[in-house]
Amino acid sequence: MEATKKNLLILHLTVFVWGFTGVLGKVISIDAVPMVWYRVLIASTTLFAWFLITKKNIKVTRKQFLQFFLTGGIVAIHWIFFFHAIKVSTVSVTLVCLSSFTLFTAILEPLIKKQPIQMGDILIGLLIILGIYMIFKFEGQYTLGIIFGLLAAVASSLFSTINSTLVQKSEPSIIGFYELVGALFWITIYRLYDGTLLHTHFNLSAKNWFYLALLGTLCTSVAYVAGVSVMRTLSAFRVALITNLEPVYGILLAFVFFQNKEQMTGGFYIGATIILGSIFLYPIYKKRKNKL
C-alpha cells in the first residue's frame, strides 16, 4: 500500500513535470528545431550516464536497433511540431490540441495492428473533433499553432502505437534511449542539410542553457525513467487517467507564468472542456468495455 501511494505521488510529479515542458518551450528563445536538438542531446547523454552508473546492459539486436532508431525520427517530428506550435500560438492552445492524440490513436492503432475500430472510440473521437472545431472557430488567429499542435498529436499517437508493440519485447528505458539517439541523429542530418548546425557556436545565454538543461534532464530523461518505474505497481488504467492531467497542469502553469498572454475566448474554454472531458472519459469507457 505504501509503495502504491509513493508511486502515485511520483506519477503525479512526473505528469506535472511533463506539463512544464510547454512553459519551457515558450521561455527558451531559440527556434523549435535547435531546441529539440539540444533537448535530445542532453537527454540521451544523461540517460547513457545513468545506464553507466547502474551498469545496465543496453545491448539490442540489429532489428530492434533499427526499429527504435527509425521511431526516434517520429519522436523528433512530434517534439518539433509541438514546440513550433507553442512558438506561433500559446501553451494552452498547443496542449489542448495535443490532447487530441487520443482521437488519432483510436484511428491509427486499429489500422496498424489490423484490429476493428470500436464504435465507442468513434464517439469519443467525434466529441474531440467538436472541441477542435470550437477552438478553430473562436481562436482563428492561432490557426497555424492549432495545425502544428494537431500534427504533433498525430506524430505522438503514431510513435505511441508503435511503442505499445515494441514494449512487449523490450524494456521501456532501453527503447527510450535508442529513440532519443535516433531523434538526435535525424535532427542532426536535417540541420546539416539546412546549414544551421554548421553555424552553431553554442553561445546561448545562461538563461537558455539553464532552461535547456531542465528540459533535457528533469523533463525528459528523469521524468521518463520515473514514469516507467511506477508502471510496475500501478494499473494501466490509473496511469492513463493521471497522465491525462498533463494538459491541465500545463495550462495552469502557463497561466501562472504568462497570465494575460494565455487569456482565451469563451469558445476556446468550451472546446477545451469538451476535449479534456473526452480524454478523461476514454480510459473509463475502455475499462468498462473490457469488463463486458
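Please indicate, with yes or no, whether at least one residue in the stretch 246-262 is surrounded by fewer than 16 Cβ atoms within 10 Å (Cβ to Cβ), among the polar types (S, T, N, Q), at pLDDT below 85 and under 28 Å from residue 134 (Cβ atoms).
Yes - at least one qualifying residue is present in the stretch 246-262.
Is there any pair with a first residue in the stretch 157-179 that is in contact (Cβ under 8 Å) with a residue 24 or more places away in the chain and a second that is of a type in the set (Gly, Ala, Ser) whose Cβ atoms are under 6 Å apart and which are 6 or more apart or on different chains, and what are they?
Close Cβ pairs satisfying both conditions: 179/72.
Only residues that are over 16 Å from residue 224 (Cα atoms), part of a helix (DSSP H, G or I), within 19 Å of the chain's Cα centre (by Cα) and not β-branched (Val, Ile, Thr): list them for the stretch 23-66, please.
24, 25, 26, 32, 34, 35, 37, 38
Report every pair of residues separated by at least 6 positions or lying on different chains whose Cβ atoms are under 6 Å apart, first residue within the stretch 110-130 and of a type in the set (D, E, K, R), second surrounded by 15 or more Cβ atoms within 10 Å (Cβ to Cβ).
121/106
What residue, among those in the stretch 267-280 that are touching a residue at least 60 places away in the same chain (Cβ under 8 Å) and within 18 Å of residue 157 (Cα to Cα), is surrounded by the fewest Cβ atoms within 10 Å (Cβ to Cβ)?
That would be 276.
Out of the residues in the stretch 136-161 meeting the condition of being of a type outside the set (S, T, N, Q) and at pLDDT below 85, tell me which one is surrounded by the fewest Cβ atoms within 10 Å (Cβ to Cβ).
140
Would you check which residues across the stretch 198-221 are part of a helix (DSSP H, G or I) and either modelled with pLDDT under 85 or of a type in the set (D, E, K, R) (or both) and list them?
Listed by number, the residues that qualify are 198, 199, 207.
Would you please name the residue that is farthest from residue 256 (Cα to Cα), looking only at residues in the stretch 86-108 that are small (Gly, Ala, Ser) and more than 13 Å from the chain's Cα centre (by Cα)?
Checked the stretch 86-108; the qualifying residue farthest from residue 256 (Cα to Cα) is 106.
How about the stretch 113-128: which of its residues are in a helix (DSSP H, G or I) and either within 20 Å of the chain's Cα centre (by Cα) or not aliphatic (A, V, I, L, M) (or both)?
Result: 113, 120, 121, 125, 128.
Mind checking whether some residue in the stretch 113-127 is at positive phi and out of contact with any helix residue (DSSP H, G or I) (no Cβ under 7 Å at 6 or more places or on another chain)?
Yes, that holds for at least one residue.
Yes or no: residue 69 assigned to a helix (DSSP H, G or I), loosely packed, with under 15 Cβ neighbours inside 10 Å and either touching a helix residue (DSSP H, G or I) at 6+ places or on another chain (Cβ under 9 Å) or among the small types (Gly, Ala, Ser) (or both)?
no
The values are calculated or read from the model by the stated rules, or taken from the named source; none is laboratory data. Small disclaimer: the values here were computed from a predicted structure and weren't measured. Methodologically, a virtual Cβ is constructed for each residue, glycine included, from the backbone with ideal geometry; neighbour enumeration extends over all protein chains shown.
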